[in-house]
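The values are calculated or read from the model by the stated rules, or taken from the named source; none is laboratory data. Just so it is clear, the model here is predicted, and its values are computed rather than measured. FYI the Cβ positions are ideal-geometry reconstructions off the backbone, even for glycines, and counts take in every protein chain you see.
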Amino acid sequence: MEKGILPQIDQILNQVVLGTPLYKWALAVLIFLLFLFLRKLFTAIIINSIRAVVSRTKTTVDDKLLRVIESPLRFLFVVIGLWVVIDILGIQAEIAQHFIRSMFIILVFWIFYNSVNVFTDDVYKFTQKFGKELAKEVGSFLIKATKSFIVVIAFLAVLQEWGINVTALIASLGIGGLAIALAAKDTAANLFGGLTILADKSLKIGEWVKVGSVEGIVEDLGMRTTKIRTFEKSLVTVPNQYIANNPIENFSRRDVRRIKMTIGIVYDTPGETVKKIVEEIRQMLKEHPGISKEQTMLVFFDKFNDSSLDIFIYTFTNTANWKEYMAIKEDINLKIMEIVERNGSAFAYPSQSIYVEKLPHKLEFIKED
């Protein structure tokens, strides 16, 4: 019976599937699973042991280097496993060789890409040499630019591996290349717009700005766009070219806020009382702790309006904080109300008085037929 089973098993294993005996397919699967197991074993023993050692050292460089190579090393087991599988299956096709070599190219550039991520803090420390106020923005720009460069070079290297002459490809594009260049014109303009923003130091992350109709807090300064979170909590992505070519109102860089108002009091207020109200408001602002004494302060009886005597008030608070500003403005408004009421006057509201010189003794109603 056993003699009958063995030939059957041998016959099954030697059956050809896609040009390769079935036993080679089974061996290839087992080998690949073995490499996956070795990858887990490598992580559990080798990587964890190295992590325990580097965590006890004084420097953080070794910890960062481990983070750089950890994922690529684990992926290396998959690449080698595929390489062995292809060899076992006897696949000599050029496409398989190109595929494996492409995987190794990606592996190498993966290490470079991880290095940028891991050493981000060091990049920010380096950019502080160009000015602490823009260290984050410049650092973010450099990191994104470096990542993009690595991805592009990796892509070109893979194309070269597959026998595509990148230089000849670009040169052969002709009109198509011109079209691509024209399409990339706005991207280039936005890139230089981003560099202009950084050079001018016109805004930075966390500042409250207004550009055109967009007002809010800057959340991110990118190579192509700037993201602004509006006070309605929506995120607006603004092209850097637009920001560079439009006036930027930066509210975060002012240390004071303006109070500008015109109050109207009733017309039957005597002139001496108007003068007294103006003087008391002016004195109140001079003594108020929330008003900046270094900035312009104007309180004057301004004009005779249609239904009121207008007093013009122009001053600045000593804070740019919105909440504190509103509290100071509220207190000033209440004090102005007290001054007006204390002097026996009142605030005017739009009204008209009609004077009739003479009324007829008898009004006749004419009825028309």
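Applying the selection to segment 310-329, what residues are in a strand (DSSP E or B) and either farther than 13 Å from residue 280 by Cα or among the hydroxyl-bearing types (Ser, Thr, Tyr) (or both)?
Scanning segment 310-329 gives 310, 312, 314, 315, 316, 317.
Scan 354, 332 and give me the residue that is outside any loop (DSSP other than H, G, I, E, B) and either in contact (Cβ under 8 Å) with a residue 40 or more places away in the chain or over 23 Å from residue 252 (Cβ atoms) (or both). Break it down stepwise before answering.
Working: 354 fails: outside any loop (DSSP other than H, G, I, E, B).
Just one listed residue meets the conditions, 332.
I need the full set of residues from segment 206-234 which are part of a strand (DSSP E or B), at pLDDT 85 or above and either under 17 Å from residue 245 (Cβ atoms) or in the same structural domain as residue 145 (by TED's automatic domain parsing) (or both), in order please.
Within segment 206-234, 209, 210, 211, 214, 226, 228 qualify.
Sort out which residues of segment 235-265 are touching a residue at least 60 places away in the same chain (Cβ under 8 Å) and in a helix (DSSP H, G or I), and write them in order of number.
Here is the first cut: in segment 235-265, the ones touching a residue at least 60 places away in the same chain (Cβ under 8 Å) are 251-252, 254-257, 259, 263-265.
Hits for segment 235-265 are 251, 252.
Do we have any residue at all in segment 193-203 that's modelled with pLDDT of 80 or more and closer than 22 Å to residue 251 by Cβ? Can you show your working first?
Filtering segment 193-203 for residues modelled with pLDDT of 80 or more gives 202-203.
From what's left, closer than 22 Å to residue 251 by Cβ: 202-203.
Yes, because at least one residue in segment 193-203 is modelled with pLDDT of 80 or more and closer than 22 Å to residue 251 by Cβ.
Please go through segment 293-321 and pick out each residue that is among the hydrophobic types (A, V, I, L, M, F, W, C) and free of Cβ contacts under 8 Å to residues at least 60 places away in the same chain. Step through it out loud before you land on a result.
To start, the set of residues in segment 293-321 that are among the hydrophobic types (A, V, I, L, M, F, W, C) comprises 297-301, 304, 309, 311-313, 316, 320.
297, 298, 299, 300, 301, 304, 309, 311, 312, 313 - these are the residues of segment 293-321 that are among the hydrophobic types (A, V, I, L, M, F, W, C) and free of Cβ contacts under 8 Å to residues at least 60 places away in the same chain.
If you take the residues in segment 281-310 that are among the acidic types (Asp, Glu) and within 16 Å of residue 339 (Cβ to Cβ), which one is farthest from the chain's Cα centre (by Cα)? Spell out the reasoning first.
First, pick out the residues of segment 281-310 that are among the acidic types (Asp, Glu): 287, 294, 302, 306, 310.
From the residues that got through so far, the ones that are within 16 Å of residue 339 (Cβ to Cβ) too are 287, 310.
Values: 287: 43, 310: 46 Å.
My answer is 310.
Give the residue that is modelled with the highest pLDDT, with candidates limited to residues of segment 274-327 that are among the hydroxyl-bearing types (Ser, Thr, Tyr) and more than 27 Å from residue 217 (Cα to Cα).
Among those that are among the hydroxyl-bearing types (Ser, Thr, Tyr) and more than 27 Å from residue 217 (Cα to Cα), it is 314.
Taking the condition farther than 25 Å from residue 63 by Cβ, at pLDDT below 80 and assigned to a helix (DSSP H, G or I), does residue 149 pass? Don't jump to the end; show me each part of the working.
On the way: farther than 25 Å from residue 63 by Cβ: yes; at pLDDT below 80: no; assigned to a helix (DSSP H, G or I): yes.
Spelling it out, it is not the case that residue 149 is farther than 25 Å from residue 63 by Cβ, at pLDDT below 80 and assigned to a helix (DSSP H, G or I).
I need every pair where a residue in segment 103-125 that is in contact (Cβ under 8 Å) with a residue 60 or more places away in the chain and over 11 Å from residue 69 (Cβ atoms) has its Cβ under 8 Å from the Cβ of a residue that is crowded, with 17+ Cβ neighbours inside 10 Å and of a type in the set (Phe, Trp, Tyr), sequence separation at least 6 or different chains.
Taking only residues 6 or more apart or on different chains, not a single pair turns up.
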